[in-house]
Amino acid sequence: MALTQHDIDAEIAAEREAYEQRVAAGAPVEHHPARGYAPYRSSVLRHPKQPPVNIDVTKDPELVELSSPAWGERDITEIDNDLTRQHHGEPIGERITVEGRLLDRDGRPVRGQLIEIWQANSAGRYAHRREQHDAPLDPNFTGAGRTLTDGDGFYRFTTIQPGPYPWRNHTNAWRPAHIHFSVFGRSFTQRLVTQMYFPNDPLFPYDPILQSVTDDAARQRLVATYDHGLSVPEFSLGYRWDIVLDGPSATWTEEGR
């Protein structure tokens with residue numbers, strides 16, 4: 001029998017109550033969710049259950065890179081951070097500008113770091129061969145971009161407002177609109193992945209992935225802020241979203257998922 005939204009809501013409430021009891025008993029605030037978060041069904045199946053495997057890169061330096069993401073052997077171009085200019089035609093949807101800073105735990109800028117994004121198109125479909133949603137593809141939208149943070153830790157992307165989409169976690173499950181962010185350190189093995197959401201999305205209470213971030217403050221830090229000053233006249237709406245790497249104000253990351 002398929003799980004319903006009522007079933008998922010009950011599991012989320014139970015997880016939340018257990019978390020609050022742990023904090024009330026003196027446990028530290030949890031900025032990251034448990035790897036096996038029951039309402040998020042696939043996390044129970046996918047998260048690592050064995051300790052990490054140490055790789056001796058002195059014997060085979062390319063071993064790590066073989067399992068790492070790559071864009072090909074080319075430098076970042078001037079349009080890699082503008083997903084509306086990567087094809088000859090205009091992508092369909094509302095154009096948005098997303099800007100923010102990459103910061104350390106003390107609020108200092110993290111300079112020259114690679115940030116990648118990927119997202120669904122305006123109809124809620126990814127340009128991926130394993131995508132199962134039957135919404136239309138946009139031939140002028142890849143859904144992927146990248147950039148480097150500048151001397152003050154700023155990044156900037158121009159893209160299309162992503163649409164929500166169904167997923168098979170439970171009956172009538174829909175993901176809120178979001179953009180995936182990947183932040184790299186000095187190598188592909190130093191990578192943090194997270195998601196940015198948009199303000200006032202009605203799907204927030206129904207999404208087990210977002211609700212797996214049990215701490216309210218940490219969950220709110222995943223939601224961008226509309227910034228009229230970032231909106232480009234007659235072109236795009238602006239959103240601001242900072243990424244904090246660690247510390248008490250750290251941005252939630254998908255560790256082990």
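The values are calculated or read from the model by the stated rules, or taken from the named source; none is laboratory data. Keep in mind that this is a model prediction, so the values were computed, not measured. Using ideal geometry, Cβ is built from the backbone for each residue, glycine included, and neighbour counts are taken over all protein chains shown. Please note that ligands, DNA and RNA were not included when accessible areas were found on the heavy atoms of the full protein model with its side chains. Shrake-Rupley method; radii C 1.70, N 1.55, O 1.52, S 1.80 Å.
Structure values in brief
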| read-out | value |
| --- | --- |
| Meets criteria (out of contact with any Lys or Arg (no Cβ under 9 Å at 6 or more places or on another chain), open to solvent by less than 70 Å² (accessible area, probe 1.4 Å) and under 19 Å from I243 (Cα atoms)) for F181 | yes |
| Members of region 117-161 found to be over 26 Å from D75 (Cα atoms) and touching a residue at least 60 places away in the same chain (Cβ under 8 Å), listed by number | Q161 |
| Condition met for Q21 (modelled with pLDDT of 85 or more, open to solvent by 100 Å² or more (accessible area, probe 1.4 Å), over 23 Å from I243 (Cβ atoms) and over 23 Å from the mean Cα position of the chain (by Cα)) | yes |
| Matching residues in region 222-250 - criterion: being assigned to a loop (DSSP other than H, G, I, E, B), under 27 Å from G185 (Cβ atoms) and at pLDDT 95 or above | L222, A224, W241, D242 |
| Candidate set from region 150-192 (those that are among the basic types (K, R) and modelled with pLDDT of 90 or more); member that is farthest from Q113 (Cα to Cα) | R175 |
| Selection count where residues are over 23 Å from L83 (Cβ atoms), part of a loop (DSSP other than H, G, I, E, B), open to solvent by less than 40 Å² (accessible area, probe 1.4 Å) and not hydrophobic (A, V, I, L, M, F, W, C), scope region 188-218 | 4 |
